[in-house]
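Report on the structure given below.
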Amino acid sequence: MSVFREDVLAGKVAFVTGGGSGICKGITAALMAHGADAVITSRKQDRLDESARELADATGRACLGVACDVRKPETVEAALDAALERFGKIDIVVNGAAGNFLCPASQLSYNAFRTVMEIDTIGTFNVSKAAFEKALKKAAGVIVNISATLHYGATPLQAHAAAAKAAVDSLTRSLALEWGRSGVRVVGIAPGPIEDTEGLSRLAPGPIRDQMIAGIPLGRMGTIEEIANLALFLCTPAASLVHGETIVADGGHWLGGAALATLMSS
Ligand code: HXC
Ligand code: NAP
């Protein structure tokens, strides 16, 4: 049972990039379970159609899947137009589309680095700007950027994603500064390792998973539902003063030193 009132987002419409899978599908489910209708986007229409059906069946709300590539502004604008045609407005934008893989910086091709920057950072800008122009500035709303903690210190084999998410956090602050007076709140979430996700299976193969858990003070990875609940909170009036901030949800992972703390207290 949810700790949130089940109609807390009644009448709202959410536009979620990456909403057909993983964490952002979970976020979409939470928003819909609390009254919102949703548009989910990514590149693969088949997966979007299947996820949209599943989300609508589970929540009783409407969900539309529209393919777009966040790197291509014209496809982003077309997806927003489709959302506006179907629902008449957009109140919530979640920027979750991302790409990542493990690769040493010395072996990363120029195109590989650029690809991740384009999906994560430029994609977040493209969607935010187009949504602001087409919908949010007229009627207020919330943008939630999904970041990470990779760049708080430094993370091996992820120079590309760490740089991209650092820039996303910067955008969260800059857009908050410029768009607050239009009634648009801009916030971020920085998840730590989240179990049962594509991200985790790519980034923590085999024994690395146990090493990762050893580094989490709470002693476990996060769940999709925990990130979804945080996103839901940020979209409700309970978070009306939260603006320009990226909230970490990682069980204390990025603090570092958990393994040493366990050793020293045993
Ligand atoms: C090295 C790689 C690579 C790999 C691709 N490339 N995979 N280089 N190691 N494993 C290189 C390619 O060789 C190519 O460079 C360039 O990257 C672009 O690859 P494409 O396949 O042409 O790109 P594209 O089809 O656009 O696909 C993007 C992608 C892909 C990021 C490469 O993996 C993808 O679509 N990912 C979406 C799903 C995803 O990544 N989910 C996880 C998000 S998790 P060259 O030079 O050969 O042309 C996440 C977690 C963050 O973000 C924090 C966790 C704690
Ligand atoms: P995921 O399921 O692979 O989510 C990424 C989504 O982005 C997919 O739906 C993918 O769909 C979409 N996407 C990729 N490239 C796109 C493009 N060019 N245009 C439009 N959509 C695109 O992975 P996840 O692990 O749940 O990650 C979700 C978010 O959480 C990401 O922002 C990630 O960086 C962040 N995060 C995850 C973790 C973790 O532990 N999993 C930790 C920290 C942060 P298509 O392939 O169909 O396009």
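The values are calculated or read from the model by the stated rules, or taken from the named source; none is laboratory data. Values in this document were obtained by computation on a predicted structure and should not be read as measured data. Cβ: placed from backbone, ideal geometry, glycine included. Neighbour counts: every protein chain shown. Just so you know, the surface numbers come from the protein's heavy atoms only, side chains and all, with ligands and any DNA or RNA stripped out. Shrake-Rupley method; radii C 1.70, N 1.55, O 1.52, S 1.80 Å.
The set of residues in the range 226-266 being over 23 Å from E195 (Cβ atoms) and among the acidic types (D, E) consists of E245 alone.
Total residues in the range 215-242 satisfying the condition of being within 19 Å of V8 (Cβ to Cβ), of a type outside the set (G, A, S), open to solvent by 30 Å² or more (accessible area, probe 1.4 Å) and in a loop (DSSP other than H, G, I, E, B): the figure is 2.
Which residues, taken from the range 78-98, are touching a helix residue (DSSP H, G or I) at 6+ places or on another chain (Cβ under 7 Å) and surrounded by fewer than 18 Cβ atoms within 10 Å (Cβ to Cβ)? If you could, list the steps in order and put the result at the bottom.
First, pick out the residues of the range 78-98 that are touching a helix residue (DSSP H, G or I) at 6+ places or on another chain (Cβ under 7 Å): 80, 84, 89-90, 92-98.
L84, K89, listed by residue number.
Regarding N111, is this residue open to solvent by less than 30 Å² (accessible area, probe 1.4 Å) and more than 21 Å from V248 (Cα to Cα)? So N111 does not fit the description; no.
Within the range 167-207, restricting attention to residues that are part of a loop (DSSP other than H, G, I, E, B) and under 17 Å from I224 (Cβ atoms), which residue is modelled with the lowest pLDDT?
First, pick out the residues of the range 167-207 that are part of a loop (DSSP other than H, G, I, E, B): 183, 192-193, 195-197, 204-207.
The next check asks that each one be under 17 Å from I224 (Cβ atoms); those that pass are 192-193, 195-197, 204.
Values: G192: 98, P193: 98, E195: 97, D196: 97, T197: 98, A204: 93.
Once the filter is applied, the top-ranked residue is A204.
The residue pairs whose first member lies in the range 21-45 and is farther than 20 Å from S2 by Cβ and small (G, A, S), whose second member is part of a helix (DSSP H, G or I) and more than 8 Å from ligand 2 (Cβ to nearest atom), and whose beta carbons are closer than 8 Å, counting only pairs six or more residues apart or on different chains, are S21/S51. Evaluate the following for L80: is it closer than 20 Å to V168 by Cβ and in contact with a Lys or Arg (Cβ under 6 Å, 6 or more places away or on another chain)? Yes.
Would you mind telling me which numbered condition in (1) open to solvent by 20 Å² or more (accessible area, probe 1.4 Å); (2) among the aliphatic types (A, V, I, L, M); (3) in contact with a Phe, Trp or Tyr (Cβ under 9 Å, 6 or more places away or on another chain) I208 fails? I208 satisfies every listed condition except (3). Restricting attention to the range 114-151, the residues that are of a type outside the set (S, T, N, Q), under 25 Å from G183 (Cβ atoms) and assigned to a helix (DSSP H, G or I) total 14.
Among the residues of the range 152-166, those that are part of a helix (DSSP H, G or I) and more than 9 Å from ligand 1 (Cβ to nearest atom) comprise A159, A163, A166.
Can you give me the number of residues within the range 28-42 that are more than 23 Å from K72 (Cβ to Cβ) and open to solvent by less than 20 Å² (accessible area, probe 1.4 Å)? Let's see the steps before the verdict.
Our first condition is that a residue be more than 23 Å from K72 (Cβ to Cβ); within the range 28-42, this holds for 29-37.
Checking which are open to solvent by less than 20 Å² (accessible area, probe 1.4 Å) leaves us with 30-32, 34-36.
Count: 6.
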